[in-house]
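What follows is calculated from the coordinates using simple rules that are stated; it is not laboratory data. Note that the structure is predicted; figures quoted are calculated from it, not measured. Using ideal geometry, Cβ is built from the backbone for each residue, glycine included, and neighbour counts are taken over all protein chains shown.
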Amino acid sequence: MISLFDMFKIGIGPSSSHTVGPMVAANTFLIDLQTQFSLETVKRIQVDLYGSLAATGKGHATDTAIILGLLGHKANQIDTTQVSTYLAPVFKQQQLILAASHQITFDYHQDIIWHVQTNLPHHPNGMSLTAYSDTGQSYQQTYYSIGGGFIVNADEFDDGTDITVDTTTDTNADTNDNITIENIPYPFASAQELLDICHQQQLSISEVMMANELALRSQEEIEQYLDEIWSVMQSCVTNGCAGEGILPGGLQVKRRAKALHQQLMQETQSTSDTNDQLMAMDWIDLYALAVNEENANGGRVVTAPTNGAAGIIPAVLHYYRDFLPNYSQQGVREFLLTSAAIGTIIKQNASISGAEVGCQGEVGSACAMAAAGMAHVLGLTPAQCANAAEIGIEHNLGLTCDPIGGLVQIPCIERNAMASVKAINAARLAKRGDGKHHVSLDKAIATMKATGEDMMDKYKETALGGLAIELSNQNTKDSDKKRIQVVDVAVSYPQC
Ligand code: SF4
């Protein structure tokens, strides 16, 4: 089983695999290191980045994420507005205080080594961290950041550990959780199994998920976490609506959420526009744009289930909060539990990674998760919730991953807005039915997996196809071409 604590992680943008994962790896390394020798004896740390992390790390803050992790900051707790303050001593005085307790000299230019042409054996997102002590000892660990903020160390790959159910690198957990099937009252590995449990036990999907989570943590802890997730999502939208300027990375993408928010506020207050029946859709777009612009800007986001697709569930939840009469905190908890249940099924049977199956695995999965959550708070049955999730996936099948310049900006930011509206539509369509439908959720998930396997690599997190190259081929102004090339040289993979 995959816990809801794994499906939703509080992190930092722009990338779950290239920012959150490396920061978690640095945190983990400090813990592992202290089983070998005392932190006080460390005199130097060396960071080796490989493959995609080396090729794209500078543009996506992999380097600073690792430094922040070595300083002792955690992705779910760091004040993202203070990042430059935290980094200043490292860059100005070469002073790095390991885990906020022991100062070493850290020369950014010498102690981070970028192996752009080299991939480690198991995954393109590889990194090694090495500590040298003043007594001549050294300790090295190699980690892979496999998407969604999950990391796996080389030993786990070598041992054949099932990385899809590994939770030992939970971004938010201070202790390791060893989830065993015996502890779980209602284990399910497919949508059909989940629906059978719901039917036999007369439980909703959220109740089944909650019962399983209670095998691991107290109700209070679970509810606190759900409330925290919702709180971070709301802060993210608020921050996104306040942010302005150009997003980092070189594409010169202008942030739009603030201006759109002001426009919608004015129109909402004006009596002349009350005839616009689709005004809610503009707000849904706004919520998603706000989150994804925050993500692209390195802000605090909830990985849901990835950073690239982080806007969809918050956007749909904000719609629930602002436009439906039955909004409640308990409703949000049940929405998130329902979404997480669907996410675990997708992760177990297909993928939530653009590198494996294209954008259908990221935006498609988030759309399905949001659709099921929305269906639940609309009061629909488990079968109708599964129907909503199935619609959410079915109409994202074949969606490729082709971000321009490898940055999670175009088409990613708008794509989240489109999928948010689609998720609500899927729930509404399911509401008009009785839960029976030709294509089951399990079949849609299996089709997503098969479609991903058939998809050419250039459409799966390589930024070598689709929009990612089309813009470079257009008759753009020379200045634009130059700008795009700058990004292309540095970035070979997108950063969901
Ligand atoms: S296009 Fe690629 S990078 Fe963008 S949201 Fe989709 S999977 Fe993520």
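In a Debye calculation with equal point scatterers on the alpha-carbon sites of the chain and no solvent, what is log10 I(q)/I(0) at q = 0.06, 0.08 Å⁻¹?
-0.26, -0.46
If neighbour count is taken as other Cβ atoms inside 10 Å, put PHE323, PHE29, PHE157 in order from fewest to most. Mind dumping the intermediate values first?
On the way: PHE323 13, PHE29 26, PHE157 19.
Least crowded to most crowded, the residues run PHE323, PHE157, PHE29.
Between GLN348 and SER138, what length in nm is gained on full extension when 0.36 nm per residue of separation is reduced by their alpha carbon distance?
Gain on extension, GLN348 to SER138, equals 71.8 nm.
For segment 261-342, what does the alpha-carbon gyration tensor say about shape, rounded, prolate or oblate, given a ≥ b ≥ c as the root eigenvalues, a/c under 1.5 as rounded, and a/b over b/c as prolate? Don't skip to the end; give the middle numbers.
Numbers: a/c = 2.78, a/b = 1.38, b/c = 2.01.
The shape class here is oblate.
Return THR130, THR105 ranked ascending by Cβ neighbour count within 10 Å, so the fewest neighbours appear first. Display every interim value, and only then the final one.
Values: THR130 17, THR105 14.
Sorted ascending by nearby Cβ count, the order is THR105, THR130.
Treating only the Cβ atoms of Lys and Arg (+1) and Asp and Glu (-1) as charged, compute the dipole magnitude of segment 306-447 about its Cα centre; round to the nearest 20 debye. Don't skip to the answer; put the middle values down first.
Working: 10 positive and 10 negative charges, 68 e Å.
Its charge dipole is roughly 320 debye.
Report, in degrees rounded to the nearest 10, the 0 to 90 angle that the Cα long axis of helix 382-394 makes with the longest principal axis of the chain.
For helix 382-394, the angle is close to 60 degrees.
Could you check the simple spin-label distance between TYR108 and PHE91, using points 7 Å along Cα→Cβ, in nm with one decimal?
0.4 nm
For segment 11-159, what does the relative contact order come out to in percent, with C-alpha contacts under 8 Å and a separation of six or more? Could the numbers behind the result be given before it?
Values: 274 pairs, mean separation 52.8, N = 149.
Reported relative contact order: 35 percent.
Not counting the cut sites, what is the longest span of the chain without trypsin sites (Lys or Arg not before Pro) that DSSP labels loop and that have at most 14 other Cβ atoms within 10 Å?
Details: sites that count: ARG432, LYS436, LYS477.
Longest run free of exposed loop sites: 1-431.
Give the residue from PRO187, ALA99, LEU39 lying farthest towards the positive end of the charge dipole for the chain; charges sit on Cβ (+1 for Lys and Arg, -1 for Asp and Glu) and the dipole is referred to the Cα centre.
Among PRO187, ALA99, LEU39, the one farthest towards the positive end of the dipole of the chain is ALA99.
Compute the angle between helix 441-454 and the longest alpha-carbon principal axis of the chain, please, reported from 0 to 90 degrees and rounded to the nearest 10.
40 degrees
Arranged by the count of other C-beta atoms within 10 angstrom, fewest first, what order do VAL237, VAL363 take? Provide the component values of the computation, followed by the final result.
On the way: VAL237 23, VAL363 29.
Sorted ascending by nearby Cβ count, the order is VAL237, VAL363.
Roughly how big is segment 11-159's charge dipole about its Cα centre, with Cβ charges of +1 (Lys, Arg) and -1 (Asp, Glu), in debye to the nearest 20?
Values: 5 positive and 12 negative charges, 91 e Å.
For this selection, approximately 440 debye.
Could you please report the charge total around GLN329, scoring K, R as +1 and D, E as -1 over all other residues with beta-carbon less than 13 angstrom from its beta-carbon? Working shown, then result.
On the way: positive: ARG321, ARG333; negative: GLU223, ASP227, GLU228, GLU334.
Local net charge: -2.
Only Lys, Arg, Asp and Glu count, each charged at its Cβ (+1, +1, -1, -1), so figure out the dipole size of the chain about its Cα centre, rounded to 20 debye. If you can, show how the numbers build up before the last one.
Numbers: 29 positive and 54 negative charges, 273 e Å.
So the dipole magnitude of the chain works out to roughly 1320 debye.
Between their Cα atoms, which of LYS431/LYS460; LYS347/LYS422; LYS347/LYS458; LYS58/LYS460; LYS422/LYS443; LYS9/LYS258 are more than 24 Å away from each other?
Values: LYS431/LYS460 34 Å; LYS347/LYS422 21 Å; LYS347/LYS458 22 Å; LYS58/LYS460 21 Å; LYS422/LYS443 20 Å; LYS9/LYS258 26 Å.
Correct reply: LYS431/LYS460; LYS9/LYS258.
Mind checking the angle between helix 363-377 and the chain's longest principal axis? C-alpha axes, 0 to 90 degrees, to the nearest 10.
Approximately 50 degrees, to the nearest ten.
Report, by chain and number, residues whose modeled amide H sits under 5 Å from the one on LYS58, excluding near sequence neighbours (fewer than 5 apart, same chain).
HN-HN under 5 Å from LYS58: empty list.
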